[in-house]
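One structure is given here, and the rest of the page talks about it.
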Amino acid sequence: MISPRRIAAVLKKELLQLRRDRMTFAMVIMIPLIQLMLFGYAINTNLRHVPVALVDQAETELSRTLAQIVQATQVVEFTEVFATPQEAEIAITEARVRAALIIPRDVDNRFARSPAIGLGLPNATDQTSSRPVAHWIVDGSDTMVASAIKSLRAMPLTEMMRLPPNRLVPTFEVTLYFNPEQRSAVNIVPGLVGVILTMTMILFTSAAIVRERERGNMEMLINTPVKSSEIMIGKIIPYIFAGLIQVAIILGLGHVLFDVPINGGLGALLVVTLLFIIASLSVGLVVSTLAKNQLQSMQMTVFILLPSILMSGFMFPFDGMPQPVQVIAQALPATHFMDMIRGVVLRDASLFEMREQILWMIGFTVFGLMAATLKFKKRLD
Amino acid sequence: MTDVVVSTRSLTRTFGEKTAVDNLDLEIQTGQIYGFLGPNGCGKTTTIRMLTGLLTPSSGEVTVLGKSMPQAAEPLKSQIGYMTQIFSYYRDLTVRENLKFAAEIYGIPARSVKGRIEELLHTYDLTTNVDQLCGSLSGGQRQKLSLAATVIHRPKLLFLDEPTSAVDPETRRTFWEQLFDLVDEGATMIVSTHFMDEAERCHKLAILQNGAKKADGSPRQLMDNLQADVVEIEGPELRTVKHQLDGKPKVLSTAQIGSRLRVLVDKSEPQPVEMLRALLNTFSDLTLTQQRPNLEDVFVSATREQKA
Ligand SMILES: Nc1ncnc2c1ncn2[C@@H]1O[C@H](COP(=O)(O)OP(=O)(O)O)[C@@H](O)[C@H]1O
Ligand SMILES: [Mg+2]
């Protein structure tokens, strides 16, 4: 009963309008480009060159060497030097520096007893002699900065004595698969595909239908023999291609600029992204049946977009979320997509290995399309 | 030739507290142009939307082309054409693209699409605007495009909602000639308007006020059956004359038209001119003449009864 000719007519009309709508056209290209630059360059969870202050109360050769090797880690950079810890505290409060390293007067003495130099001396057992070599005071309000400096806590000092590295055996041996250099772009770029598709696909489809209502075209359209399903199919096909173009931009540029590997097969990648695009488009269709104007459809898009960014595992690991949040996150297609695209791109996961997620995504789409078609009435009341 | 194409019984539609269409009984015969005449907000659009199946009536019955609405709305879509009050084709498509879209949506056979579009462009004088975006057309050109697209599938029944509200009198004339051509080809039309001259061209019309039908019939019948006499007064100080007459018994209405005052006097008064002369004996130099009623008189008299 569905007429391919009428679908083609709607599709053709949509393409003509899209071609003349420079703004939407530019958004298809610019949103992924800008977001990729923002997330790839600006958002970096591997902190480098945090500005800190140095308070060297010892002023010995050893204290100067200590400051040098701390700076050599590149985690921090000494931008200010103070004579007293009080001055350093003021600088932290005024946010001129994020932390201060305070090297006490008796640093030589402490150093000689420190296990960090790895001399293999018996560890000090009493309070006085087991004190750390120096002291950091840190602006702890930014947890990311704080943990970067905390990571310096157990820094080995063997280098200072020009001795072989610490022979202490760590408790665990850790082997990093898939992202051995621990670059955040490798994790962020594939996830960005999910965020951008969520945003643009829902917004474009819902706006495409709501716009007809807003401009008065809908009254004409529902007076023709065209079926609701034909309108919907004709309207979403152009955006499927728009979505694929965006995926190509993000992963292609991510590969070139940030060296994000694409380990999986292109076939699996295509299947996974197509599924997510169609799932997002069906959300857009549902939104379009609820929204009265483009502003409302924008608001509803943001309403879905925010949890898709925050709860899908894009920014914060899914496993760390409390149980109720995990339940909500599971209902978002973006959560499943994050898993799948990272799986394909970074771990070369096969479609078979992701079958549960794939089935879930298909189910979600069918449900969304049915809801939208049933809700979309060729009526004005 | 007297088949009924549209009939309604006690058709009513409310929006919350407000009754937009109130117990409307209509019977529209094939081959006619049937007019809905009434001011803004009297329920013309709402009625047309119920007749096309876009709105569900709150109560009452609608039969269109022998089928019950809104249940039969879908199968009837290809036999009905509806030109909306506000331009509803795509402003960011050209004239030809819009017509092509309409042709494909209405399932015009692929091989005849081109010919049909050429024919319509010609009939509706759009040949010089084919590749112009509709957003940049003038009001009159937009109406022509709307009509062309609305009749592209040769509908038996056409609904035109205030089709000439935004066009100049010249365009309106040609537009109506085209409507009569369509009737000649066998179409039936329902046209809503708030213009008297436009209503006068209809075969039959219904005068609507606050959603209710106040009178119906052919314009001639309506004028002949007018329950009032029309007297025109000429002379100086017409504004004072008007204030003198307003509110007097049997004076239904007064309205100044240029240098004359048009007065409607209730039919129950056997000597309307004499009665007015008596009321105006303090004025000098007034000429009073009885006139044939026009449609505006009918409209005024039909819609004032509500207030009385
Ligand atoms: N969707 C609606 N919701 C609420 N009131 C409406 C709606 N549509 C029309 N109305 C009201 O119904 C009345 C008739 O409107 P309408 O049919 O558009 O009049 P007309 O076309 O004769 O100008 C108006 O008072 C209008 O405000
Ligand atoms: Mg109206």
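No lab work stands behind these numbers, since they all come straight from the coordinates. These numbers come from a predicted model, not from an experiment. Cβ coordinates were reconstructed from backbone atoms using ideal geometry, including for glycine residues, and neighbour counts include every protein chain displayed.
Placing unit charges on the Cβ atoms only, positive for Lys and Arg and negative for Asp and Glu, gives the protein assembly as shown a dipole magnitude near 1100 debye about its Cα centre.
Residues B:Val241, B:Val263, A:Val366, arranged from fewest to most other Cβ atoms within 10 angstrom of their Cβ, appear as A:Val366, B:Val241, B:Val263. Using just the C-alpha positions of region B:227-292 as equal point scatterers, what log10 of I(q)/I(0) does the Debye formula give at each q in 0.15, 0.21 1/Å? Scattering profile of region B:227-292, log10 relative to I(0): -0.37, -0.77. The slack between A:Met155 and A:Val81, meaning 0.36 nm per residue of separation minus the straight C-alpha distance, is 24.5 nm. Pair-distance distribution of region A:1-67: all C-alpha pairs, bin width 10 Å, starting at 0; shares per bin in whole percent are 14, 18, 16, 14, 12, 9, 7, 7, 3. In this rough spin-label picture, where each label sits 7 Å from Cα along the Cβ direction, the A:Gln330-A:Ile245 distance is 3.8 nm.
Pairs over the 28 Å Cα-Cα cut-off, from the set A:Lys292/B:Lys67; B:Lys77/B:Lys144; A:Lys375/B:Lys77; B:Lys44/B:Lys242: A:Lys292/B:Lys67; B:Lys44/B:Lys242.
Using Cα centres only, tell me the gap between region A:259-285 and region B:204-247 in whole Å. The two parts, judged by their Cα centres, are 70 Å apart.
The angle between the Cα long axis of helix A:333-347 and the longest principal axis of the Cα atoms of chain A comes to about 60 degrees, rounded to the nearest 10. Taking every DSSP bridge with both residues inside region B:100-246, close to 50 percent are antiparallel.
With unit charges on the beta carbons (Lys and Arg positive, Asp and Glu negative) and the dipole taken about the Cα centre of region A:184-380, which residue among A:Leu346, A:Ser228, A:Gln330 sits farthest to the positive side? Checked the options; the winner is A:Ser228. Per-residue Cβ neighbour counts within 10 Å put A:Met199, B:Met275 in the sequence B:Met275, A:Met199, beginning with the fewest. On the beta carbon distance between A:His135 and A:Met37, with R0 = 41 Å, the FRET formula returns roughly 0.55.
Each helix, a run of at least 4 DSSP H residues, gives -39500 (n - 2.57); summed and divided by the residues of the protein assembly as shown, these come to -15000 deg cm²/dmol at 222 nm. Stretched out straight at 0.36 nm per residue, the stretch from A:Lys292 to A:Gln57 would grow longer than its current Cα-Cα span by 77.8 nm.
Residues in region A:366-381 carry Karplus couplings, in order, of 4, 4, x, 5, 5, 4, 5, 5, 5, 6, 6, 9, 7, 9, 9, 9 Hz; the curve used is 6.51 cos²θ - 1.76 cosθ + 1.60 with θ = phi - 60°, and Gly or Pro positions show x.
On C-alpha positions alone, give me the angle between the axis of helix A:294-310 and the longest principal axis of chain A, in degrees, nearest 10. Compared with the principal axis, the helix lies near 40 degrees. Only beta bridges with both residues in chain B are counted; by DSSP, about 70 percent of them are antiparallel. Using the Cβ-Cβ distance between A:Arg19 and A:Gln323 with R0 set to 41 Å, the FRET efficiency from 1/(1 + (r/R0)^6) comes to roughly 0.30.
Stretching the chain fully between B:Asp125 and B:Lys242 yields a gain of 37.4 nm (0.36 nm per residue, less the alpha carbon separation). Principal-axis analysis of the Cα atoms of chain A puts helix A:184-214 at an angle of about 30° to the longest axis. Averaged over peptide B:97-106, the number of partner chain Cβ atoms lying within 10 Å of each residue's Cβ comes to 5. Considering only beta bridges that DSSP places wholly inside chain A, some 25 percent are antiparallel. From the largest down, the protein assembly as shown spans 133, 66, 47 angstrom on the principal axes of its Cα atoms.
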